[in-house]
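These notes are about the structure you will find just below.
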Amino acid sequence: MARKGDIVINIERCKGCEVCLSACPHEVLALSKEVNSKGYHYVVKVNSECTGCANCAIVCPDAVITVYREKATSGQ
Amino acid sequence: MKELRLMKGNEALAEAAIRAGADAYFGYPITPQSEVIEYLMRENPAKRTGMQVLQAESEVAAINMVYGAAACGKRAMTSSSSPGISLKMEGLSYIAGAELPCVVVNVVRGGPGLGTIQPSQSDYFQAVKGGGHGDYKLIVLAPATVQESVDFVKLGFELAFKYRNPVMILSDGIIGQMMEKVELFEQMERSSEEYEWATVGKKEGRDSVIVTSLQLQSEEQEKVNLRLQAKYREVEKNEVRFETYECEDAEYLFIAFGSCARITRKAMEMARAKGIKAGLFRPQTLYPYPYDEVNRLASQVKGILSVEMNAGQMVEDVRLAVSGKVPVKHFGRFGGMIPSPDEILEALEQKIIGG
Amino acid sequence: MSEKSIISPENLVYEKTGVMTDKVLHYCPGCGHGTAHRILAEAIDELGIQGDTIGVAPVGCSVLAYYYFDVDMQEAAHGRAPAVATGIKRVMPEKYVFTYQGDGDLAAIGTAETIHACNRGENILVVFINNGIYGMTGGQMAPTTLPGMKSSTSPFGRDVSTMGNPLKITELVAQLPGTYFVTRQSVHVPANVRKAKRAIKKALEYQKLNRGTCFVEIVSNCPYGWKMTPVESNKWMEENMFPFYPLGDIKVPEK
């Protein structure tokens, strides 16, 4: 079973380019209906399938995403 | 230890650069100044002082190498002759805009275009009025001897670092190619000072240093311009340099700079021998120009002849200084032609005394 | 275990490197410049050379790169970055020196500076962003614009019979004895970002060896200049740019 992960999105810096969407293997991300103060639709998490693989953060041109992943524990 | 040598002007410039503790020289060959880089390559200052010398692919590259080294707080120099200096004007504008210190030598030859390889002073406007784009000034030193070529390299670096401004030594094909006795100053140590404005690697606890001449906000660019203008006013207040010859009782005044001042001095002596009370005023700094001193002398003389190896450039500054008090005329030979003392004296007699 | 508990310092696996400042990048949404900046900054961070690195910014979209890298930086005149970097490296040989340049800067106006710095084997890293267009000035033809590709100065497509051919300058510099490591990468998908970062990191490590110029081209997108969405531009890049500018190492150090 994949490890659990989570991300924190700095929505104010997000420009809604959507490059991260296709980089996510678990379709965790989608574009919000809301806009940030710059007028961009920003990326939001839409499910809890995140494994903390960091693919989204790695392709993000604006360094918007911080990634967490739980430590591997014995038995997993 | 001070040392006497018989040296060619261009070679003396190069030796002075090594002795002034220069960190780097970047150049490109062009007549009549190629001896500068030839001397440096032969002398191999990397061994003597650690100074780096590099023949660049172009004058454009050379001045931008100077930019890079100068922005690290190092003493960097380049030299060229007129067509090559035109190519350096882009870089000089950036260097002035980014407020970097450096010394640039122009061993002037006749123009425009490829012109001639013979001596000229036709780059006066380019040197003192800008040359590149934007509101900026070079500090311009005009040597009239091989000795001054040496001394002005040392002074040039001092002024460049004092004001963080590019300094131009406006030599010419005569001074560059002639040999004279010269007293060399003692070898100075290369500086290890780290300036707070220089890119030397970001230190813990300080912001990163950015060297740039770009301000996209007009309000910010205006501040840069105001700061530059304030600096230029300081330069104008502090750094005017000139020499006078027989001016005390002069009724007629020659004004000339660089090699042309040497020839004009002979004309002045010939005039004196004929009973004409002539004097000679020689600006050593072309920017800042000695406006006040020329203005003061204008109150004493009946007329002024600006003698130049060009079609009339410095004469405009003389007229600004004189402010209409007395007649100001220009006499020049150009295209690589050098005026003789006889024709200079004749010009004084016809244009000023008889005019 | 609740999800919230995952967000804690001990579980942190990825965050913006401290070698990038907190300034919001001025680049258009989806532009590869941001990713290229970030991996260069990450490489500097991971090598622990922030205090020993001096960068040179170009003229073009990345003219303000010095706002984003938290290292000492100089702004060069258009195309002159390799000459400026040469000046830096010659007086500060112990520092890591890089230039960051676009295609117009590096392969048009600065061709002489690029080729001669590479030919002298200056011990610098050249990061070359190739998106086949002038972005900053509004989408004009670049030296690397593909045959038939539209731009505001080739509105009917680049006609090579009158406008000349796109310049593969990376292959060209790889021929020069002065270059040590020459590679072409991209930063549009995670695997390629990881590869590009490894290449940049290697290039910086090589700088210590004093063996010559390292040249890392990043084929990138220009959603605005290409008149596409970021996602479309990345697809277009794969289909059109990569066949002409194939990814991979072009010159690797001899073992």
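The values are calculated or read from the model by the stated rules, or taken from the named source; none is laboratory data. Fair warning: this is a prediction, and the values are worked out from it, not measured in the lab. Note that we place each Cβ from the backbone using ideal geometry, even for glycine, and neighbour counts take in every protein chain shown. Just so you know, the surface numbers come from the protein's heavy atoms only, side chains and all, with ligands and any DNA or RNA stripped out. Shrake-Rupley method; radii C 1.70, N 1.55, O 1.52, S 1.80 Å.
Below is a table of values for the structure above.
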read-out	value
Residue tally, condition under 16 Å from the mean Cα position of the chain (by Cα) and of a type in the set (A, V, I, L, M), over region B:96-124	6
Condition check for residue C:6: of a type outside the set (S, T, N, Q), within 11 Å of chain A (Cβ to nearest Cβ) and either open to solvent by less than 10 Å² (accessible area, probe 1.4 Å) or under 28 Å from residue C:115 (Cβ atoms) (or both)	yes
Sole residue being in contact (Cβ under 8 Å) with a residue 40 or more places away in the chain and under 13 Å from the mean Cα position of the chain (by Cα), chosen from A:16, A:5	A:5
Filtered residue count, region C:208-241, keeping only those that are within 14 Å of the chain's Cα centre (by Cα) and surrounded by fewer than 24 Cβ atoms within 10 Å (Cβ to Cβ)	0
Near pairs, Cβ below 6 angstrom, 6+ apart or cross-chain, from region B:281-304 (farther than 16 Å from residue B:323 by Cβ) to any residue that is basic (Lys, Arg) and assigned to a loop (DSSP other than H, G, I, E, B)	B:284/B:241; B:285/B:241; B:287/B:137
Flag if residue B:271 is buried (at least 18 other Cβ atoms within 10 Å of the Cβ), over 30 Å from residue C:95 (Cα atoms) and touching a residue at least 60 places away in the same chain (Cβ under 8 Å)	yes
Counted residues, region A:27-49 - those being farther than 16 Å from residue A:8 by Cα and part of a loop (DSSP other than H, G, I, E, B)	4
Subset tally (residues that are in contact with an Asp or Glu (Cβ under 8 Å, 6 or more places away or on another chain), open to solvent by less than 10 Å² (accessible area, probe 1.4 Å) and facing chain B (nearest Cβ under 9 Å)) for region C:98-128	1
Residue that is nearest to the other protein chains (Cβ to nearest Cβ), among those in region C:53-66 that are open to solvent by less than 10 Å² (accessible area, probe 1.4 Å) and in contact with a helix residue (DSSP H, G or I) (Cβ under 8 Å, 6 or more places away or on another chain)	C:54
Some residue of region C:184-207 being at positive phi, surrounded by 19 or more Cβ atoms within 10 Å (Cβ to Cβ), touching a strand residue (DSSP E or B) at 6+ places or on another chain (Cβ under 6 Å) and away from chain A (no Cβ under 12 Å)	no
Residue list for region C:67-95, filter: closer than 17 Å to residue C:45 by Cβ, facing chain B (nearest Cβ under 7 Å) and not basic (Lys, Arg)	C:70, C:71, C:72, C:73
Residue identified as within 22 Å of residue B:124 (Cα to Cα), in a loop (DSSP other than H, G, I, E, B) and either open to solvent by less than 20 Å² (accessible area, probe 1.4 Å) or in contact (Cβ under 8 Å) with a residue 24 or more places away in the chain (or both) among B:240, B:235	B:240
Number of the exception - residue C:185 against (1) in a helix (DSSP H, G or I); (2) under 21 Å from residue C:243 (Cα atoms)	(1)
Hits in region A:1-10 - residues which are assigned to a loop (DSSP other than H, G, I, E, B) and crowded, with 19+ Cβ neighbours inside 10 Å	A:4
Region A:52-64 residues that are more than 7 Å from chain C (Cβ to nearest Cβ), paired with ones that are in a loop (DSSP other than H, G, I, E, B) (beta carbon under 6 Å, 6 or more apart)	A:56/A:24; A:64/A:10; A:64/A:13; A:64/A:14
Candidate set: region B:179-223, residues that are of a type in the set (Val, Ile, Thr) and within 13 Å of another protein chain (Cβ to nearest Cβ); chosen: the one surrounded by the fewest Cβ atoms within 10 Å (Cβ to Cβ)	B:212
Subset tally (residues that are in a strand (DSSP E or B), surrounded by fewer than 21 Cβ atoms within 10 Å (Cβ to Cβ) and among the polar types (S, T, N, Q)) for region B:277-334	0
Qualifying residue in region C:88-100 (condition: under 17 Å from the mean Cα position of the chain (by Cα), in contact (Cβ under 8 Å) with a residue 24 or more places away in the chain and part of a loop (DSSP other than H, G, I, E, B))	no
Tabulated pairs, region C:52-75, first assigned to a loop (DSSP other than H, G, I, E, B), second among the β-branched types (Val, Ile, Thr) and open to solvent by 10 Å² or more (accessible area, probe 1.4 Å), C-beta under 8 angstrom, 6+ apart or interchain	C:68/C:21; C:70/C:21
